[in-house]
1. How much length, in nm to one decimal, is gained on full extension between Y355 and V403, taken as 0.36 nm per residue of separation minus their Cα-Cα distance?
2. Can you list residues whose amide H is under 5 Å from D207's amide H, if they're 5+ apart or on another chain and H is modeled 1.01 Å from N?
3. Note the full-extension length gain between T324 and E433 as 0.36 nm times their separation in residues minus their Cα-Cα distance, in nm to one decimal.
4. May I ask you to list the trypsin sites (Lys or Arg not before Pro) in the stretch 65-126 that are in a DSSP loop and have at most 13 other Cβ atoms within 10 Å of their Cβ?
5. Round to the nearest 10 and report in Å² the accessible area of H293, as given by a 1.4 Å probe over the protein chains' heavy atoms.
6. Using a simple spin-label model with points 7 Å from Cα along the Cα→Cβ vector, what separation in nm is obtained for T107 and Q336?
7. For the stretch 291-298, in order, what is each residue's ³J(HN,Hα) by Karplus, 6.51 cos²θ - 1.76 cosθ + 1.60 with θ = phi - 60°, in whole Hz (x at glycine and Pro)?
8. Convert each backbone phi in the stretch 86-91 into a coupling constant with the Karplus relation 6.51 cos²θ - 1.76 cosθ + 1.60 (shift: θ = phi - 60°), then list the ³J(HN,Hα) values in order as whole Hz, x for Gly and Pro.
Amino acid sequence: HDRPPSGSDSAAMMKLFALVALAGVASSEAYVSSARVARSRVASPVSMKGAGPKGGMVTVNGRKIVLPIFNDECAYTGITLTRYMIEFARANPDLQELESIMASVQTACKTISTLVRRSSMTGLVGLESGGGSINIQGEEQKKLDIITNDVLKNALKFSGKMGVLASEEEDEPVSMEDENLYGAAFTDKEIVIEEGNRFVAVFDPLDGSSNVDAGIPTGTIFGIFDEGDTTCMIGDDEAKMAECLAATLKPGNALISSGYCLYSSATHFVFTLGAGVQGFTLDESNGEFVLTHPDITIPPRGKIYSLNEGNRWYWDDALRDYVTAIQKGEGETGVQYSARYIGSMVGDVHRTLLYGGIFAYAADQKNLNGKLRLLYEAAPMSFLMEQAQGKAVTGLHRIMDIVPTNVHQRVPVIMGSSEDVDECMKYYKAEAEKNPELKARCDARMGQAPVAA
């Protein structure tokens, strides 16, 4: 070791360095190759049904909305919901706050999706408090009803954009002071009202929660109103509190956005900003909602009806006659319709949007005003359905025109393909001419004077 290196030693060392370098290159190439293989397994090119969303400008309820344009997209990530909202905010600066609201909603939906999928393993199935917890509707609450309500409420509240939150699982107004924003425990209440924020959110955190234990599809429904310059603070003055609450009870035609998340074989996020309906699917490999159903338009006719036939003998004659006709193939199309009913409004409406047909939870002798809540179920879904070129009515009147009289008001719901809904309405109009009591019930929901029998 003490002798100086010879020429042959230097040559040997050069060969050794070359071998190490070659090994390094081979190792790097193997790493890159394996990474490419792994990427191909988890990140296959994303495909959409049809072309991307169309651009342009539309006017909705007097508000001009510029539709975002997407000239290019990544083949592996597609158009994400995050990017869609960034482009929408750039095109509509006056509505840029909706970007952070939708970010909050999609975060909540991802969280709820995970909670639902893991509920059987984490013990979140079954009734809250062993069956002793009752919401304002008089319904027993599931464990997930409580948790998902908190998840969505917190996500929206922390967006910093909300003035009012109204949920199915809450029952009375609660004052929210700034100093309590992070420290106060959230109580089981109905409305959360803060000062100085612009938007009103209404939501059903877990529609179809009774299905969770059986692994049947569930969903989240939401709607966003623009509160404008109205400022509400809840205090001890009951008269002012009532006046403030009344200001938030707006008809569906005042919505600026609505949508739903469906938790099923995949997690879908379908929503409208007042200019068409966009459908996104959660890519679990990267945690992003990706546009898979741009510009959803419901077919004008379908071949499916969706309603609880267990209530058939309690229905109004109009609905019973209509369903009997399409069952027998004696309706306007002469086609025999098939029944599909999940029992979760989100699941049933999602199928109806894609395939066409009609969904109904109508009035009957047991529930003269139906069972679905106007503010946070019927109105948001009606807005979405109309934006997809469908229709939504109570039987005689458009749901979007009904002004709520209270947060948990119920209304009958019939929605779906425009021609199917029109056909159903003909039965109701014919019965209303013979049955003043039916017409009186329908007119009363619109604030019209009842018709004497």
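The values are calculated or read from the model by the stated rules, or taken from the named source; none is laboratory data. Fair warning: this is a prediction, and the values are worked out from it, not measured in the lab. Here Cβ is always computed from backbone atoms with ideal geometry, including for glycine, and neighbour counts include all displayed protein chains. The protein model used for the area step is the full one, side chains on, heavy atoms only, and it has no ligands, DNA or RNA in it. Shrake-Rupley method; radii C 1.70, N 1.55, O 1.52, S 1.80 Å.
1. On the way: separation 48, 0.36 × 48 = 17.28 nm, distance 3.02 nm.
Result: 14.3 nm gained on full extension.
2. So D207 has HN proximity to G219, T220, I221.
3. Numbers: separation 109, 0.36 × 109 = 39.24 nm, distance 2.04 nm.
Roughly 37.2 nm would be gained on extension.
4. On the way: sites: R83, R90, K110, R117, R118; in loops: R118.
In loop regions of the stretch 65-126 (DSSP not H, G, I, E or B), the sparsely surrounded trypsin sites (Lys or Arg not before Pro) are R118.
5. 30
6. The answer from the label model is 5.3 nm.
7. 5, 10, 10, x, 6, 5, 10, 6
8. Taking θ as phi minus 60°, the curve returns 4, 5, 5, 5, 5, 7 Hz for the stretch 86-91.
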